[in-house]
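First up is the structure itself, then whatever we jot down about it.
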Amino acid sequence: MIRKKNHKNLTINLPPKETIQVIQKELLDWYNQNQRDLPWRINKDPYRIWVSEVMLQQTRVDTVIPYYERFMKQFPTLEDLANATDEQVVKAWEGLGYYSRARNLHSAVKEVVEKYAGKVPDQPETISQLKGVGSYTTGAILSIAYNKKVPAVDGNVMRVFSRLFAIKEDIASATTRKKMEYLADSLIPDQAPGDFNQALMELGALVCTPVSPQCLFCPVQSVCHASHQGIQGELPYKKKAKPPLKVPVLFGWITSDSKVLLEKRPNKGLLRGMWALPTWEDVIESKALDTMQKIVIENNWLVKNINIKGNLEHIFSHRHWKISLVTVELIEQGLEPSSNLKWISLDDIEKIALPNVYRKALKMLV
DNA sequence: CACCCGTGGTG
DNA sequence: TCACCAAGGGT
């Protein structure tokens with residue numbers, strides 16, 4: 001290995017030139033033979049590449065495919081998406097999670113229409129200013145759609161590099177990530193940067209997998225430090241994540257006259273800006289009925305009946321909701337609709353973008 | 001830098 | 001069963 005320092009004075013071991021050439025050739029050959037047939041690979045339309053990259057953030061390929069197919073059918077061009085309403089876009093995203101991705105994408109696409117005449121920027125400084133376009137997505141769009149020599153370091157690439165070069169540092173740290181980006185920048189070939197970036201990710205997805213990597217089928221096994229040392233199973237190193245915090249919550253199924261009350265969640269925090277069943281946090285199961293009765297009294301609602309309807313759990317990445325479901329039937333709709341409160345019929349609820357945790361609750365009620 | 005932000009699949 | 005994870009970004 002050649003020890004080098006980059007502009008930020010990080011010490012980085014770069015492989016010798018011959019090794020770099022082996023990696024480039026073997027990876028590109030392998031990718032040409034083994035790449036999957038994926039719907040975002042039918043052409044190089046920057047808009048199509050962009051949508052796929054945003055959907056794929058922290059989300060599996062198999063999960064994304066049906067969403068992507070529907071999304072591209074509904075919004076075939078960048079202009080179509082720009083002209084859509086926010087509600088339409090978020091509805092198309094329903095069930096995918098991380099809903100801010102949809103709002104950011106929508107907002108960014110509108111910005112591209114207004115400021116760049118509908119052409120997706122092809123410079124890193126410009127495109128990375130768009131909402132929801134970070135370092136990885138910048139590299140992915142520029143290399144895949146525009147064939148620019150910009151690294152795209154995602155979780156796959158970090159895993160592949162950590163094994164290939166036996167890097168034992170925590171891949172969650174910003175410093176390690178900088179090293180990885182510098183490595184990627186040093187490895188990426190002039191000829192086919194987009195294919196090379198995708199080859200790294202494809203290798204991580206198909207061969208250099210998180211558990212039981214298939215080193216026997218790896219095109220770069222001959223130059224892999226982890227494989228030679230037999231430590232591929234130990235890498236990449238990652239600090240253990242904290243378990244999600246358990247929070248007891250109360251969902252209200254508040255109905256009147258065959259309509260149900262929906263509440264818009266605040267513009268910050270979990271499921272921000274999404275329509276939801278009225279939700280109260282830190283209400284334990286044994287207090288669910290009491291709490292709902294208090295709420296009814298405080299609001300002077302005229303109530304036919306209040307019932308516990310059941311319990312369910314939902315685990316987010318950092319929250320674990322233990323949910324009590326309580327139904328309230330009002331004699332009359334004593335609540336004025338507002339910007340964050342509305343009555344809606346059961347038919348119309350299908351048209352609203354509801355997070356899956358609320359869809360799950362709905363299934364227990366209808 | 002540490003934390004927040006969804007969901008469903010898997011071994 | 002449950003810990004871990006999947007083509008990250010924002011703050």
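The values are calculated or read from the model by the stated rules, or taken from the named source; none is laboratory data. These numbers were taken from a predicted model, which means no experiment stands behind them. All Cβ positions, glycine included, derive from the backbone under ideal geometry; neighbour counts span all protein chains shown. These area figures cover heavy atoms from the full protein model, side chains too; ligands, DNA and RNA do not enter into them. Shrake-Rupley method; radii C 1.70, N 1.55, O 1.52, S 1.80 Å.
Scanning the range A:65-113 for residues that are open to solvent by 40 Å² or more (accessible area, probe 1.4 Å), closer than 20 Å to A:Arg41 by Cβ and within 11 Å of DNA strand C (Cβ to nearest atom) yields a count of 1. Scanning the range A:138-170 for residues that are open to solvent by 20 Å² or more (accessible area, probe 1.4 Å) and of a type in the set (Val, Ile, Thr), we see that the one that is nearest to A:Gln57 (Cα to Cα) is A:Val150.
Meeting the requirement of 2 or more residues that are among the charged types (D, E, K, R), the helices (runs of 4 or more DSSP H) wholly within the range A:120-176 are A:155-164.
Tell me which residues, restricted to the range A:215-241, are touching a residue at least 60 places away in the same chain (Cβ under 8 Å), exposed (fewer than 13 other Cβ atoms within 10 Å of the Cβ) and either away from DNA strand B (no atom under 16 Å from the Cβ) or in a helix (DSSP H, G or I) (or both). Within the range A:215-241, A:Ser222, A:Gln229 qualify. Anything in the range A:315-342 that is open to solvent by 30 Å² or more (accessible area, probe 1.4 Å) and assigned to a strand (DSSP E or B)? List them, or say none. Scanning the range A:315-342 gives A:Ile315, A:Arg319, A:Lys322, A:Glu329, A:Ser338, A:Leu341, A:Lys342.
The listed residues are A:Asp185, A:Asp170, and the only one of them that is within 30 Å of A:Arg48 (Cα to Cα) and either in the same structural domain as A:Ile12 (by TED's automatic domain parsing) or within 16 Å of DNA strand B (Cβ to nearest atom) (or both) turns out to be A:Asp185. In the set (1) within 17 Å of A:Leu325 (Cα to Cα); (2) more than 16 Å from DNA strand B (Cβ to nearest atom), A:Asp257 fails one condition alone, (1). Test A:Lys309 against the stated conditions and say whether it is part of a strand (DSSP E or B), in the same structural domain as A:Gly252 (by TED's automatic domain parsing), touching a Leu at 6+ places or on another chain (Cβ under 9 Å) and open to solvent by 90 Å² or more (accessible area, probe 1.4 Å). Judged against the criteria, A:Lys309 is a match.
Pairs meeting the criteria (first residue in the range A:263-285 and assigned to a loop (DSSP other than H, G, I, E, B), second residue more than 10 Å from DNA strand B (Cβ to nearest atom) and of a type in the set (Phe, Trp, Tyr), beta carbons under 7 Å, at least 6 apart or on different chains) are A:Leu277/A:Phe251; A:Leu277/A:Trp253. When residues in the range A:11-55 are screened for being without any contact (Cβ under 8 Å) to a residue 24 or more places away in the chain and open to solvent by 20 Å² or more (accessible area, probe 1.4 Å), 11 of them pass.
Here is a yes/no grid of residues against (1) small (Gly, Ala, Ser); (2) more than 15 Å from DNA strand B (Cβ to nearest atom):
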| site | (1), (2) |
| --- | --- |
| A:Val150 | no, yes |
| A:Glu181 | no, no |
| A:Gly204 | yes, no |
| A:Pro213 | no, no |
